[in-house]
1. Return the only residue of 68, 63, 100 being surrounded by fewer than 24 Cβ atoms within 10 Å (Cβ to Cβ) and within 8 Å of the ligand (Cβ to nearest atom).
2. Which number in (1) touching a residue at least 40 places away in the same chain (Cβ under 8 Å); (2) more than 13 Å from the ligand (Cβ to nearest atom); (3) under 27 Å from residue 130 (Cβ atoms) marks the one condition that residue 106 misses?
3. Mind listing whichever residues of the stretch 4-60 are touching a residue at least 60 places away in the same chain (Cβ under 8 Å) and in a strand (DSSP E or B)?
4. Can you tell me which residue among 63, 68 is closer than 20 Å to residue 125 by Cβ and either in contact with a helix residue (DSSP H, G or I) (Cβ under 6 Å, 6 or more places away or on another chain) or free of Cβ contacts under 8 Å to residues at least 60 places away in the same chain (or both)?
5. What single numbered condition from (1) more than 20 Å from residue 65 (Cα to Cα); (2) touching a strand residue (DSSP E or B) at 6+ places or on another chain (Cβ under 8 Å); (3) in contact (Cβ under 8 Å) with a residue 60 or more places away in the chain; (4) within 16 Å of the ligand (Cβ to nearest atom) fails to hold for residue 114?
Ligand SMILES: Cc1cc2nc3c(=O)[nH]c(=O)nc-3n(C[C@H](O)[C@H](O)[C@H](O)COP(=O)(O)O)c2cc1C
């Protein structure tokens, strides 16, 4: 099984989230490719079994600027046969805007014929040990759903 993990980060928290996800996938013998969002074409996801996006959230719940092309292209992709998940770090200080990039990417994936592998995860700032457990379960559920 193959997975592609696409992350966006400014200060590193979302790369930490991506790295936990990558480790969990590798521990389950999944072959993983990890790329930064501005360096990634949506077409690349057509060749994978599992696609996971890890975005930060910025001003007033907005998407990563450097990920806007990827976000727009995602709406037009046909990802039949791909199982997806979205997990991202934001900051609970922003209350109702907390982690809004996560549901926004889930909404885009829902237009692609891809299968939702697990409910989106919002992490507060840098992932801690408890977050790592949640992310491990998230990955396990995605793998299980990708097998059926
Ligand atoms: C100017 C600014 C605006 C932000 N706006 C939001 C926001 O609306 N919602 C949110 O959840 N986090 C917001 N954050 C917090 C970041 O999403 C959070 O620090 C995240 O962990 C950064 O991820 P990164 O380390 O991968 O860049 C904001 C941070 C900054 C500096």
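Each reported figure results from applying straightforward, stated rules to the coordinates on display, with no laboratory input. In this text, all values refer to a predicted model and were calculated from it rather than measured experimentally. Counting neighbours? That spans all protein chains shown, and the Cβs are built from the backbone with ideal geometry, glycine included.
1. Details: 68 fails: within 8 Å of the ligand (Cβ to nearest atom); 63 fails: within 8 Å of the ligand (Cβ to nearest atom).
100 is the lone residue from the list that is surrounded by fewer than 24 Cβ atoms within 10 Å (Cβ to Cβ) and within 8 Å of the ligand (Cβ to nearest atom).
2. (1)
3. Selection gives 6, 50, 51, 52.
4. Exactly one residue qualifies, and that residue is 63.
5. Residue 114 satisfies every listed condition except (4).
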